[in-house]
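K.L.:
I'd like to ask some things about the structure below.
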Amino acid sequence: MTDGQWVRRAELSEVAAVATAFAEASRDEAVSAWVMDGHPEIMTALEKDYAPILIEETIGRDEVWIAGTGSDIRAVSLWQQVDSIERYQEEAAQARTRAEGSDLRPLHRMAAVTALLAEHHPREFPHRYLYAIATVPQWRGHGAGAAIIGNRLKQAAAQGLPVYLEASTVRSSQLYERLGFARTGAALPLPDGGPTLWPMWFRG
């Protein structure tokens, strides 16, 4: 830990606080910003309504790990244990259905994201998947995200589990490399001028 910084698993009683931190931290994340570009009203609605649902569902089904100091949450991460590809195929199908018959660009871009991830997610099971990680803007550069990842990689290595993620910027891929990840396979460009995703693995 740094300057009294802690890392721990979030609990259901913390959904509201964790969701608020996650929404603030994710606002300028490369994929989110591309999906919502030109539609700030949808971004606002998602932050208010969707973030709490996402955090609550992830705490219940998977794991949410947070870092902070005192009562402040500095970074939020969403982790999944992956034993099959079915959930990603289902998510892609749901996103495609929402986009059909709609002219809202964010829905079509989200369908493109989920389709890309479902098509290219590794078929190596089981593995841990760092689905998302974001740091509250004023705490970037203080090691909160790295503290979470380091904590989780240590546990994964002890369990003999590889860890997978997609980096959404060159800068983030370089950070992950310093933490022990390696780029694997071809880059995954999103359409319509979207960001490129880099598949990365940590193998202990």
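The values are calculated or read from the model by the stated rules, or taken from the named source; none is laboratory data. All values derive from a computational prediction rather than experimental measurement. Quick reminder, even Gly has a Cβ in these numbers, built from the backbone with ideal geometry, and neighbours come from all protein chains shown. Accessible surface areas use protein heavy atoms only, side chains included; no ligands, DNA or RNA. Shrake-Rupley method; radii C 1.70, N 1.55, O 1.52, S 1.80 Å.
K.L.:
Condition first: polar (S, T, N, Q) and either under 15 Å from Y129 (Cβ atoms) or touching a helix residue (DSSP H, G or I) at 6+ places or on another chain (Cβ under 9 Å) (or both). Now tell me which residues in region 171-195 satisfy that.
P.N.:
Scanning region 171-195 gives S172, T184.
K.L.:
Can you tell me how many residues within region 1-46 are farther than 16 Å from R140 by Cα and among the hydroxyl-bearing types (S, T, Y)?
P.N.:
Qualifying residue count for the region: 4.
K.L.:
Of all the residues that make up region 73-99, how many are in contact with a Phe, Trp or Tyr (Cβ under 8 Å, 6 or more places away or on another chain) and within 22 Å of E24 (Cα to Cα)?
P.N.:
Residues meeting the conditions: 7.
K.L.:
If G4 meets every condition in (1) open to solvent by 50 Å² or more (accessible area, probe 1.4 Å); (2) farther than 21 Å from I149 by Cα apart from one, which number is that one?
P.N.:
(2)
K.L.:
If we only count helices (runs of 4 or more DSSP H) wholly inside region 1-118, which ones have 3 or more residues that are aliphatic (A, V, I, L, M) and under 16 Å from A132 (Cβ atoms)?
P.N.:
Passing ranges, in order: 15-26, 30-36, 51-61.
K.L.:
Looking at region 132-169, which of its residues are open to solvent by 20 Å² or more (accessible area, probe 1.4 Å), within 16 Å of the chain's Cα centre (by Cα) and more than 14 Å from A75 (Cβ to Cβ)?
P.N.:
Within region 132-169, E166, S168, T169 qualify.
K.L.:
If you don't mind, there's one more thing I want to ask. If A112 satisfies every condition in (1) free of Cβ contacts under 8 Å to residues at least 40 places away in the same chain; (2) crowded, with 16+ Cβ neighbours inside 10 Å; (3) out of contact with any Asp or Glu (no Cβ under 7 Å at 6 or more places or on another chain); (4) within 23 Å of P40 (Cβ to Cβ) but one, which is the exception?
P.N.:
Condition (1) is where A112 drops out.
K.L.:
May I pose another question? Quick one: is A93 open to solvent by less than 20 Å² (accessible area, probe 1.4 Å), modelled with pLDDT of 95 or more, more than 18 Å from the chain's Cα centre (by Cα) and not acidic (D, E)?
P.N.:
no
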